[in-house]
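Inspection log for the structure reproduced underneath, given as structure tokens.
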Amino acid sequence: MSAMASIVPALLALLVSVTSRADDFHHSRAILETHCLRCHNTNTHKGGLSLSTRADAVDEGGESGPSIAPGDPAASLLIERIAGERPEMPKGGDPLSAEDVATLRRWIEAGANWPADITLAERKPAEDGPWWSFQPLNQPPTPTVNNTEWPRTAIDYFILSRLEEKGLSPTPEADRRTLIRRLTFDLTGLPPAPEQIDAFVGDDRPDAYERLVDRLLASPAYGERWARHWLDVVHYADTHGYDKDKRRDHAWP
């Protein structure tokens, strides 16, 4: 028991460390791709510098030497060029924000984690303001609708507003048998058992649908169905599955 008690915190610390390193690279990558890759890529490489790969930035560098010194932001030309009161880079663009500079410093200080198989690609800065996922949350006004009896939640007002705008009406509510089949397939990927259908059809409690939702969400089949879906979305695999099929030992975090 004591051995297990000491192993678990160590594993959690390792997971946090690996995840943190990946997160630091994720944010630093976005900054480099948005502000630097326009001039410093494999084809253009102004000043002889490309920031497309770790080898380009750390090992080869440009006319002035390597751009990144892992573990030492003060010795990294990248930080020297983008920081200070009058930053030299990016040329012809707005200086990086203090937050972006701090992110790059922190990433380099932590060792500049950069998987060897990842090549950066230029991103276009958003012309209509910050990227949508960085916008603060806000509460939009609820649309006004003609059929005020149909909406049950705030989202329904938005849906109905667009339907009425197009001259359309909502379809009638599905019967009980159809509802349980739709919901069970959506949440678990499996059909409901005949006895489950009969039980729901015969359940006259006002919260019968909510109870059905809760039961399906608590089912192991729900976790299995959606874990499989999201692992497919992120292309999870322990190997690359292409060319030499190289291993991806840290895919699991």
Practice problem: Using a cut-off of under 11 Å, list every residue of the stretch 94-113 whose amide N is near the label point 7 Å from the Cα of GLU80 along the Cα-to-beta-carbon line. | Solution: none
Quiz item: Among VAL213, VAL145, what's the order by accessible area (1.4 angstrom probe), most exposed first?
Solution: VAL213, VAL145
Exercise. Using a 1.4 angstrom probe on the protein heavy atoms only, line up PHE134, PHE200 by accessible area, largest first.
Key: PHE134, PHE200
Quiz item: Given charges of +1 on the Cβ of Lys and Arg and -1 on the Cβ of Asp and Glu, with all other atoms neutral, how large is the dipole of the chain about its Cα centre, in debye to the nearest 20?
Solution: 260
Quiz prompt | Cβ-based charge dipole, the chain, positive-most Cα from ASN43, GLY167, HIS27 | solution = ASN43
Quiz prompt | Pairwise label distance in nanometres, VAL234 with ALA221, each label 7 Å out on the Cα-Cβ vector | solution = 2.6
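Where nothing but the Cβ of Lys and Arg (+1) and of Asp and Glu (-1) is charged, how large is the charge dipole of the stretch 170-253 around its Cα centre, in debye to the nearest 20?
Values: 13 positive and 16 negative charges, 66 e Å.
In total the dipole reaches around 320 debye.
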Quiz prompt | Gyration tensor (alpha-carbon) shape descriptor, the chain, a/c threshold 1.5 | solution = prolate
Quiz item: Got a number for the accessible area of TYR222? Probe 1.4 Å, square angstrom, nearest 10.
Solution: 80
Quiz item: Roughly speaking, what is the stretch gain from ALA193 to SER97, that is 0.36 nm per residue apart minus the C-alpha to C-alpha distance, in nm to one decimal?
Solution: 28.8 nm
Practice problem: Assuming a ≥ b ≥ c are the square roots of the Cα gyration tensor eigenvalues, decide whether the stretch 58-124 counts as rounded (a/c under 1.5), prolate (otherwise, with a/b larger than b/c) or oblate. | Solution: rounded
Quiz item: Separation between the ALA116 and HIS26 pseudo-spin-labels, each 7 Å from Cα along Cα→Cβ, expressed in nm?
Solution: 2.5
Exercise. Sort the stretch 150-246 into rounded, prolate or oblate with this rule: let a ≥ b ≥ c be the square roots of the eigenvalues of the Cα gyration tensor; rounded if a/c is under 1.5, and if a/c is not under 1.5, prolate when a/b is larger than b/c, oblate otherwise.
Key: oblate
Quiz item: For HIS250 and VAL213 in the same chain, what is the full-extension length gain: residue separation times 0.36 nm, less their Cα-Cα distance, in nm?
Solution: 9.8 nm
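The values are calculated or read from the model by the stated rules, or taken from the named source; none is laboratory data. None of these values were measured; they are calculated from a predicted model. Backbone-built Cβ (ideal geometry, glycine too); neighbour counts: all protein chains shown. The accessibility values were calculated without ligands, DNA or RNA, using every heavy atom of the protein model including side chains. Shrake-Rupley method; radii C 1.70, N 1.55, O 1.52, S 1.80 Å.
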